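Report on one structure; see the data block that follows.
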Amino acid sequence: MLAQTKKQDSFLTTKTFGKQIHYFERIESTNDTALQLAENGAPEGSLIIADSQSAGRGQGNHNWHSPGKVGLYFSVILRPELNSVSFCPFTVCAGIAAAQALTDITGYEVQVKWPNDLILKNKKLGGILLESGAKQKSLKHLIVGIGININQTVQDFPIELRETATSLNIVTGKTFDRLEILSQILAKLEEAYYLFINQGIEPFIALFEKIDYLLDKKITVNTPRGILGGKAAGIDQTGALLIQPPGKNKLTKIISGSILSIRSNKIAACN
Ligand code: BTN
């Protein structure tokens, strides 16, 4: 079905995103191909999309399970005139854009778990992988890769992922048109990209707060400074995660890290 993307882009409502489309039935990783195409001069907004990936990658070199024709696996080439450091917070903005599109389509609230996870009903629905072709400090190009579990059934996931991963189909019981979802995510992503270029992360902070999966939960995070713990308190102007360590008023800023554990603060109701 995604092969249609090869023939026409009329399903898209975007200005630049998806103006050039590279469709593959099966490919190692859309991010890898996007990086190569960007090196060879592919224009901003080029869309690289595959029906399946044999070596899909997630954050921290994890594999991204990408079975055929049930998920969305795509990457977009960006060429912002910013350095790679100031572009890091765009991961969160891309997550917000994808979450908004998915919420609009399904009617179910999709949340963002800092920095790059999309969460539906407490399980992982998708993720964002932002990678740069940096030349010293300046940014040559940037790849935003997005993977979403759409029509997977529980059996489509390997056993080790079944407890933590979910799909739109598993939660809603419905089958979704992947092209329609792609179109809506690209529209929100393009909007978010130009807003971020013009105004930075500021306009996204309040949006994030509404769908922040970690907010007010007690968490531990593996960071380059060691394991830090505290109550999640949103993000700051640089996109860093803020946590409030126990017994302290001052917030600790975490620029990079992976969430190790989450404990909800909610008190269970007694009958
Ligand atoms: C994560 O949650 O760790 C990020 C997952 C990103 C997966 C997508 S699928 C399309 C693109 N190509 C890849 O190899 N990875 C990203």
(request) Specify the residue that is modelled with the highest pLDDT; the eligible residues are those in the range 199-216 that are surrounded by fewer than 17 Cβ atoms within 10 Å (Cβ to Cβ) and over 17 Å from A99 (Cα atoms). (result) D216
(message) Among (1) without any contact (Cβ under 8 Å) to a residue 40 or more places away in the chain; (2) assigned to a loop (DSSP other than H, G, I, E, B), there is one condition G229 misses while meeting the rest; what is its number?
(response) (2)
(message) For the range 60-70, give me the residue count where each residue is crowded, with 17+ Cβ neighbours inside 10 Å and within 11 Å of the ligand (Cβ to nearest atom).
(response) 3
(message) Where the second residue is assigned to a helix (DSSP H, G or I) and the first is without any contact (Cβ under 8 Å) to a residue 40 or more places away in the chain and lies in the range 25-42, which pairs have Cβ atoms under 7 Å and are six or more apart or on separate chains?
(response) I27/T33
(message) Which condition from (1) near the ligand (Cβ under 9 Å from one of its atoms); (2) in contact (Cβ under 8 Å) with a residue 40 or more places away in the chain is the one that I77 breaks?
(response) (1)
(request) Look at the range 104-132 and say how many of its residues are β-branched (V, I, T) and free of Cβ contacts under 8 Å to residues at least 60 places away in the same chain. (result) 1
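Scanning for something under 14 Å from the mean Cα position of the chain (by Cα), assigned to a strand (DSSP E or B), within 9 Å of the ligand (Cβ to nearest atom) and among the polar types (S, T, N, Q), does the range 36-55 turn up at least one residue?
Filtering the range 36-55 down to residues under 14 Å from the mean Cα position of the chain (by Cα) leaves none.
For the range 36-55, residues under 14 Å from the mean Cα position of the chain (by Cα), assigned to a strand (DSSP E or B), within 9 Å of the ligand (Cβ to nearest atom) and among the polar types (S, T, N, Q): absent.
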(request) Specify the residue that is surrounded by the most Cβ atoms within 10 Å (Cβ to Cβ); the eligible residues are those in the range 251-264 that are at pLDDT below 95 and outside any strand (DSSP E or B). (result) G257
(message) Please verify whether Y23 is of a type in the set (F, W, Y), within 25 Å of T153 (Cα to Cα) and within 12 Å of the ligand (Cβ to nearest atom), treating the condition exactly as stated.
(response) no
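Which fully enclosed strands (runs of 3 or more DSSP E) of the range 96-162 have 3 or more residues being more than 29 Å from Q36 (Cβ to Cβ) and within 16 Å of the ligand (Cβ to nearest atom)? Full working, then the answer.
Values: elements: 110-113, 117-120, 123-135, 138-149.
By residue number, 110-113.
The values are calculated or read from the model by the stated rules, or taken from the named source; none is laboratory data. Bear in mind that the values here come from a model prediction, so they are computed numbers and not experimental data. All Cβ positions, glycine included, derive from the backbone under ideal geometry; neighbour counts span all protein chains shown.
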